[in-house]
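The values are calculated or read from the model by the stated rules, or taken from the named source; none is laboratory data. Keep in mind that this is a model prediction, so the values were computed, not measured. All Cβ positions, even for glycine, are placed from backbone atoms using ideal geometry, and neighbour counts span all protein chains on display.
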Amino acid sequence: MRLLVVEDDPLLLHSLREGLREENYAVDTATDGATGLEMALEIDFDAIVLDGMLPELDGWDVLGRLRAAKATPVLMLTARDGVPDRIRGLDAGADDYLTKPFDFDELLARLRALIRRNRGQPSNRILLGDLVLDLSTRTLGRGTDPIPLTPREYALVEYLALHRGSVVSRIVLYEHLFDESDDTLSNLLDVHVSNIRKKVRPDFITTRRGHGYCIE
Amino acid sequence: MKLPFHSIRWRLQLWHALISLSLIVAVCLLAYRMAAEERQRQIDRSLFGFERFFFRQLFLEAAERKDDSPPKSAELRSALLALRDADPLPARFRGVFDAGEPYLGFWDSDGTLLFLSPNAPPGLRKPTFAPDDDLELVTSGHLRELHHRHGPGIALAVGRDMGDELAALGRFRLFLALGGGGLLLAALAGGWWLAGRALKPIDAISHTANRIAAGNLDERIAIAESDSELDQLARILNDTFGRLADAVERQKRFTADASHELRTPLTIILSETQRGLKREREPADYQQLLSHCQTAAQRMRGLVDSLLILAREDQPDDRCTRVPCDLAEIANRLADRMEPLAAGHGTLIHRKLQPAPIDGDPELLDTLVQNLLSNALSHPPPGTAVTIRTGVRDDRVELEVHDAGPGIPPEHLPKIFDRFYRIDRARTQGSGHSGLGLAIVRSIADSSGGTIEVESSPGQGTRFRVRFPRSRNGERGQNRTL
């Protein structure tokens, strides 16, 4: 999953970026509203974490302009817990909001829920045949036996599972699993897919030549 | 509900009633007294007249015969005795002593009755006189009598019944009482109405004030076009409410801003610690996490310090210790202290320090100078020359901090002393500047009796100038601190 974090405080931005990366999100960052908006329009992020008070263009303006073009899920961070700020954010098209200071785990849970709901997935547990993918614990299991996956492998399975039944192109996968700081080799995706197939079963992920990958 | 007699309307009414009552009673009493006295005088005149009339009748023949000399006692005695014995009375006395007309009696000096009119009340006695008094008017019951002594011997009493007059006076009294009572009621009703009318605007004012007190700070008292005392009061109250609302609004904004400023470093600390505790890490990672937390905590400390200074400055008290000190000396010390920061910024602090004796709190003045210097050293690009100047001009002590930077855009100038106002939020956010530095400078300048102004233009850089009243202790402060 690829996220955009727009926050003007360098320390907080750093903390959020590192924290989210450790949770296997691909994270891009922007320190002002204008840059954030530009990036959000250019790249299809799975979710955006947007601070309200930003230089250049404040969070609400960014949201207003983004919503004119895209429906990317947005979680607003507000420093004032005044009701008007929240109403303003939600009215401008925010999907959720968090008031600073917040718990990092709550941010994670809300992001998971945002992404899941955006894919029309009501529950954190996705059944894939005899397999269960648990979004909250970030595990794949058969019955009670967990299948050990590396974070990247899990992220790939999660993305395909959330787009279950549709073919996801390699480019889209790259876009959503790696952020701008990743220098990934183009065949790395194939390595991950083949490793997952070995660990789960050979036909878990099907390959459509020239199109991409798919979980049926 | 208040006790009714504590309300202004009731008290006005009470006073009004008292004054009206005493006025009406006084007027009625006066009228009655005058009427009563006038009646009395009429009666008395009629008694004198009757006496004269009787004598004229008695001596009718004698008068024709003689001159106007008063009759002798002997003549009088004989005339009276003749009249007493005449039966019937001579024609000229016929009808004179009918019932209801004045009566009269004459007595000799030895007490013998000389003449008594037929209509005299029973028990009429010879009047007694004080030794040197020959004439006396006496009221007994409803009878009014004139007692008169003629010459050495003969005493007479003329009297009449005052019953009719007393009854008339009684009626007059009743009329006065009823009329006065009516008048009082009318005055009270009028007063009540008038007081209510006069107090109506006060009611409106108190209702509005109540609504404002209940939290509706935008409410104002409606003011009529006129300029009555109450309108003036309403205007003053409206001004006060306006200032109160402003103060509350400022306080609210300040609190919101302060909490907003504290939230970000708190978020950093929470986020970093939670991230750090999620898994085992390398020592270098932990060090980085801790240093981030430290930075955030230091930011909070700086903010809390600033807030405390502002809160203290907001309290108008006289605990502030003002001692004579020299601003030049303070500026010199602070410039020394800020030298490392200036070096880090690739510049020097130029000093043009002339003695500047003022009365102030040295600690606060330290903060003021430090904030101005730190402002000049952190906002313009590195390498920008910074000058600090002190001196006396026009009997005012001046402190100037100038930087030759690009200047402050004019649209920001009016707001730079506002709390939490930042020209470029992005650039200053992480650097520990809370947006309170200049607000603190202004607050300290205000509390020290000084003024602050800023000049900024693209070519000239930015100049902050603080002016203070000169120390009353002359140059002594300079000697003391140096």
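If you check B:Leu176 against the conditions, is it closer than 30 Å to B:Ile19 by Cα and not charged (D, E, K, R)? Taking the combined requirement at face value, the residue satisfies it. Scanning segment A:29-55 for residues that are over 19 Å from A:Leu11 (Cα atoms) and not β-branched (Val, Ile, Thr) yields A:Ala34, A:Leu37, A:Glu38, A:Met39, A:Ala40, A:Leu41, A:Glu42, A:Asp44, A:Phe45, A:Asp46, A:Ala47.
If you check B:Gly383, B:Gly391 for being surrounded by fewer than 18 Cβ atoms within 10 Å (Cβ to Cβ), touching a residue at least 24 places away in the same chain (Cβ under 8 Å) and not in a loop (DSSP other than H, G, I, E, B), only one passes: B:Gly391. Somewhere in segment B:237-249, is a residue without any contact (Cβ under 8 Å) to a residue 12 or more places away in the chain, surrounded by fewer than 17 Cβ atoms within 10 Å (Cβ to Cβ), more than 14 Å from chain A (Cβ to nearest Cβ) and among the hydroxyl-bearing types (Ser, Thr, Tyr)? Yes, there is a match, as at least one residue in segment B:237-249 is without any contact (Cβ under 8 Å) to a residue 12 or more places away in the chain, surrounded by fewer than 17 Cβ atoms within 10 Å (Cβ to Cβ), more than 14 Å from chain A (Cβ to nearest Cβ) and among the hydroxyl-bearing types (Ser, Thr, Tyr).
Evaluate segment A:29-40: report whether one residue or more is in a loop (DSSP other than H, G, I, E, B), more than 9 Å from chain B (Cβ to nearest Cβ), of a type in the set (Val, Ile, Thr) and surrounded by fewer than 21 Cβ atoms within 10 Å (Cβ to Cβ).
No - not one qualifying residue is present in segment A:29-40.
Condition first: in contact with an Asp or Glu (Cβ under 6 Å, 6 or more places away or on another chain) and in a helix (DSSP H, G or I). Now tell me which residues in segment A:41-60 satisfy that. Selection gives A:Gly59 alone. Please verify whether segment B:322-336 includes one or more residues that are among the polar types (S, T, N, Q), crowded, with 19+ Cβ neighbours inside 10 Å and outside any loop (DSSP other than H, G, I, E, B). No, the conditions are met nowhere in segment B:322-336.
With respect to the stated conditions, A:Leu75 is without any contact (Cβ under 8 Å) to a residue 60 or more places away in the chain and either part of a strand (DSSP E or B) or in contact with a Pro (Cβ under 9 Å, 6 or more places away or on another chain) (or both).
Residues in segment A:67-78: is at least one over 21 Å from A:Ala40 (Cα atoms) and among the β-branched types (Val, Ile, Thr)?
No, segment A:67-78 has no match at all.
Sub-6 Å Cβ pairs linking a first residue in segment A:1-19 that is within 7 Å of another protein chain (Cβ to nearest Cβ) to a second residue that is among the charged types (D, E, K, R), at least 6 apart or interchain, are A:Ser15/B:Glu272; A:Gly19/B:Arg275, ordered by first then second residue.
Only residues that are facing chain A (nearest Cβ under 7 Å) and under 24 Å from B:Ile440 (Cβ atoms): list them for segment B:288-301, please.
Residues satisfying the conditions are B:Thr295, B:Ala296.
From the list B:Gly196, B:Gly190, the lone residue that is in contact with a helix residue (DSSP H, G or I) (Cβ under 8 Å, 6 or more places away or on another chain), away from chain A (no Cβ under 14 Å) and not aromatic (Phe, Trp, Tyr) is B:Gly196. Of the helices (runs of 4 or more DSSP H) that lie entirely inside segment B:1-104, those containing 3 or more residues that are within 60 Å of the chain's Cα centre (by Cα) and modelled with pLDDT of 90 or more span B:8-58. Looking at segment A:100-117, can you tell me whether even one residue there is away from chain B (no Cβ under 14 Å), exposed (fewer than 15 other Cβ atoms within 10 Å of the Cβ) and in a loop (DSSP other than H, G, I, E, B)? Looking for residues that are away from chain B (no Cβ under 14 Å), exposed (fewer than 15 other Cβ atoms within 10 Å of the Cβ) and in a loop (DSSP other than H, G, I, E, B), one finds none in segment A:100-117, hence no. When you scan segment B:267-287, do you find a residue that is more than 10 Å from every other protein chain (Cβ to nearest Cβ), under 41 Å from the mean Cα position of the chain (by Cα) and among the aromatic types (Phe, Trp, Tyr), even just one? No: zero hits.
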